[in-house]
Amino acid sequence: MSFFKRLKESIATKTEAVTNIFKEGLTKTRTAFVEKVEELITRRKKIDEQFYEELEEILIGADVGVNTVMQLIDDLRVEVKKRKIEDAADLQPILSEKLINLMKGDDQSGLRMASSGITVILFVGVNGVGKTTTIGKLAHKFKSEGKSVLMAAGDTFRAGAIEQLEVWGQRVGVDVIKQQSGSDPAAVMFDAVQAAKQRGVDVLLCDTAGRLQNKTNLMEELNKIFRVIQRELPDAPHEVLLVLDATTGQNALSQAKLFGEKSGVTGLVLTKLDGTAKGGIVIAIRNELSLPVKLVGLGEKMGDLQQFDSEQFIHALFAGLIQREEAEEAEKTQE
């Protein structure tokens, strides 16, 4: 059975609605990446040095990341020799299989929830990456699953951050625990944990400051928040999610490295993936950091925040090829 056929079958067990959200959300990346690979394969029928160089350029252009691309090209060279492949068209399923393998560590892409009591999820990340929007959409997701949710406005330094979270709270029907602007974020977290305990909520979603004067201040603030939460709920926070804007490409990777080292990040959220042709950044991040991508933003609508799924991701990228392979098989059958 061909690789694309196997991929389609593994997707078949998943809901069509989610498959469509991934497909639509990755349209720009598909055009910039897969269609360029197809064009290269059609133009250069033979696999030679020039072919590898052009493929390298396409992958780097889609922000797959230089280190990852080098590794990928080396792997492809090995496969080509081993399988004695000469026709460039035979390389496509191998390339997509390699991409899936690069992202395979995402078996832990589900959010870690408390076995009993309150699940606390902390959100970190610089300003402007879509942190507040992500919290609002996740609150909506949990509510639609029948869970009770509370939000904590811990970004007390950015003008309008508390109000922005409150607007989301009103939209999704979730209360926001807050203090006035400029107050101590750790004190807000203390209040929020107390309120969550009193109300017996299932999930507490906590916003944090995106930028203090410098990195040291920011990490100290986060450590203080951790201590306050852990004093009240010893095994919390259950997740510390770093929110990154996919449209910033390699810059998002740098932020992930910066935060990942010091702030106890357990997973990543990639927002605005629908707005970029450089969706390859998901592959780079997954491969260069030992952090799972937990959630991806694939559009403006409430339901467009999705749990990350590497098979859905690759299936959405190679959707055109999969359809073509099916059409060719159908033609053969009719003959």
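Some notes on this structure:
- Of the solvent-accessible surface of the chain, computed with a 1.4 Å probe and all protein chains present, 48% belongs to carbon and sulfur.
- Phi angles of segment 314-319 translate, via the Karplus equation with coefficients 6.51, -1.76, 1.60 and θ = phi - 60°, into HN-Hα couplings of 5, 4, 5, 5, 9, 3 Hz per residue; Gly and Pro are given as x.
- Here the contact order of segment 21-153, divided by its residue count and restricted to Cα pairs under 8 Å and six or more residues apart, works out to 16 percent.
- Protection-proxy order for peptides 57-64, 27-34, each taking the mean of Cβ atoms within 10 Å per residue, highest first: 57-64, 27-34
- Calculated accessible area for the chain comes out at 45 Å² per residue, all protein chains present (probe 1.4 Å; ligands, DNA, RNA ignored).
- Summing +1 for each Lys or Arg and -1 for each Asp or Glu among the other residues whose beta-carbon sits under 15 angstrom from that of Glu232 gives +3.
- Amide H contacts of Ile47: Ala88, each under 5 Å away and 5 or more positions distant or on a separate chain (H built 1.01 Å from N in the peptide plane; Pro and chain starts excluded).
- Loop-located trypsin sites (Lys or Arg not before Pro) in segment 183-260, at most 15 other Cβ atoms within 10 Å (DSSP): Arg211
- With θ taken as phi - 60° and the Karplus curve 6.51 cos²θ - 1.76 cosθ + 1.60 applied, the whole-hertz 3J(HN,Hα) list for segment 50-57 is 4, 4, 4, 4, 5, 5, 4, 4 Hz, x standing for glycine and proline.
- Expected 222 nm ellipticity per residue - DSSP helices of 4 or more, -39500 (n - 2.57), all of the chain, to 500: -16500 deg cm²/dmol
- Cut-off under 5 Å, modelled amide H: who pairs with Gly267 long-range: Val240, Leu242
- Using a simple spin-label model with pseudo-atoms 7 Å out from Cα toward Cβ, Lys46 and Gln180 lie 7.7 nm apart.
- Taking amide hydrogens as placed 1.01 Å from N in the peptide plane, the amide H of Ser148 sits under 5 Å from those of Asp202, Val203, each at least 5 positions away in sequence or on another chain.
- Normalised contact order of the chain, rounded percent, pairs of Cα under 8 Å and 6 or more residues apart: 27
- Over all other residues within a Cβ to Cβ distance under 9 Å of Asp155, the charged ones net out to +1, with Lys and Arg as +1 and Asp and Glu as -1.
- In order through segment 154-164: 3J(HN,Hα) via Karplus (6.51 cos²θ - 1.76 cosθ + 1.60), integer Hz, x for Gly, Pro: x, 8, 8, 9, 7, 4, x, 5, 5, 4, 4
The values are calculated or read from the model by the stated rules, or taken from the named source; none is laboratory data. Keep in mind the model is a prediction, meaning the values are calculated, not measured. Cβ: placed from backbone, ideal geometry, glycine included. Neighbour counts: every protein chain shown. Please note that ligands, DNA and RNA were not included when accessible areas were found on the heavy atoms of the full protein model with its side chains. Shrake-Rupley method; radii C 1.70, N 1.55, O 1.52, S 1.80 Å.
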